[in-house]
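Colleague: Handing you a structure now.
Every number in this text was worked out from the coordinates using simple rules, so none of it is lab data. All values derive from a computational prediction rather than experimental measurement. Ideal geometry is used to build each Cβ from the backbone, glycine not excepted, and the neighbour counts take in all protein chains shown.
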Amino acid sequence: MENKEYKEALAEAANMAKDNAKREALAEMIVEWVQPGHIIPDLVSLFLNTRSLNPGDQLVKRTRKGIKVSTLVPGSIPLKHEITISDRMNYVLDYADVAVHASEWELARGDIGTVEEIRASMMAYLRDYFQAKVISALTSIWTATNTANNYATVATTLTDTVLKAGMDYINQTTSGVRAIVGTREALNPITTFGAFWKTSDASPVSWPVNSNIDEIMRTGWLGYYYGAPIIALQQSWDYPDTWNKMINKSEVLIIGNEVGEFITYGDAQTKQYTDMKPTPPDWNLEIYQGFGMIIDNAMGLYRIHIS
């Protein structure tokens, strides 16, 4: 009986393979797609203010000046100040584009997946591109040559002295630390020195902080350091065969509040068509979107490079 049922199932699969629509369904059942790694969604909003602007919205950041308070002498005419507006800076838009094509026969057979799956993968790659742009910009603004105040280098591993010095500087240039950002590998030393309270720098004596130790033992991580949220980026790799890291593990960023803004301009636009000249016809799908970024308080960024 088992041999008969096996033959019937095999025959049914063969019949499905003869029909294009059924073959696509069969492909979805027997093909396990190896998905590439992606940076976690919505990462940009953890670092910067984000907005989605529509065509026609203003791309200029303006400053209003002239509003002042003066001492009033009874019986005199109040001193008036003229309000002036100046354009401080504006967004210069770039456009990100991801485009693919494939044979209509491959698409019909389900060899490359469904259109919805391909579209979802393209949108994920588009998000990766935006996030990689932001991370690259934030980690390259300051170097050892262009500023000594916003840049520090540590050998081998992150230390509490360097991290606290960076936080102190950001607290002077912004309203406070928005986040401490880096890969889990780079930030892992915080689980050691962040679990203790140092009573003195001259003669250091460390006392355990029970709540911190409890959190680390339960979760393997520490969520805050001196009141600042710790954002540990999970390292991602693009494909199992190339195994390229998508996030630089050698950088730790201390980001202050209101240091800049990232915008997308308009919705992601889609262009889909079939070129009928070749045989088989060539199917094309393209997704593109405008974006821009302004860092208007670069002094609110502190970069720690782990050599």
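Colleague: For region 68-149, what is the largest minus smallest coordinate of the Cα atoms on each principal axis, given in angstrom and ordered from greatest to least?
Modeller: 89, 38, 16
Colleague: How many nm separate the modelled label positions at residue 258 and residue 80, each set 7 Å beyond the Cα in the direction of the Cβ?
Modeller: Roughly 2.9 nm, to one decimal.
Colleague: Around residue 89, with a cut-off of 13 angstrom between Cβ atoms, what is the net charge of the other residues, counting Lys and Arg +1 and Asp and Glu -1?
Modeller: Value of the local net charge: 0.
Colleague: Using DSSP to call loops (not H, G, I, E or B), can you name the GluC sites (Glu not before Pro) in region 70-172 whose Cβ has at most 16 other Cβ atoms within 10 angstrom?
Modeller: Sites meeting the loop and neighbour criteria: 82.
Colleague: Beyond a 30 Å Cα-Cα separation, which of these cross-linked pairs lie in this structure: 164/249; 65/164; 133/164; 198/249; 61/249?
Modeller: Where the Cα-Cα span goes over 30 Å, the pairs concerned are 65/164; 61/249.
Colleague: Evaluate the distance, in nm, between pseudo-label points positioned 7 Å from the Cα of residue 305 and of residue 217 along their respective Cα→Cβ axes.
Modeller: 4.0 nm
Colleague: Here's another thing I want to ask about it. Starting with the highest mean, order 153-164, 173-184 by the number of other Cβ atoms within 10 Å, averaged over the residues of each peptide.
Modeller: 173-184, 153-164
Colleague: Spelling out what I want: for every residue of region 128-142, take phi, set θ = phi - 60°, compute 6.51 cos²θ - 1.76 cosθ + 1.60 (Karplus), and round to whole Hz; glycine and proline get x.
Modeller: In residue order, the calculated couplings are 4, 5, 4, 5, 5, 4, 5, 4, 5, 5, 5, 8, 10, 5, 10 Hz.
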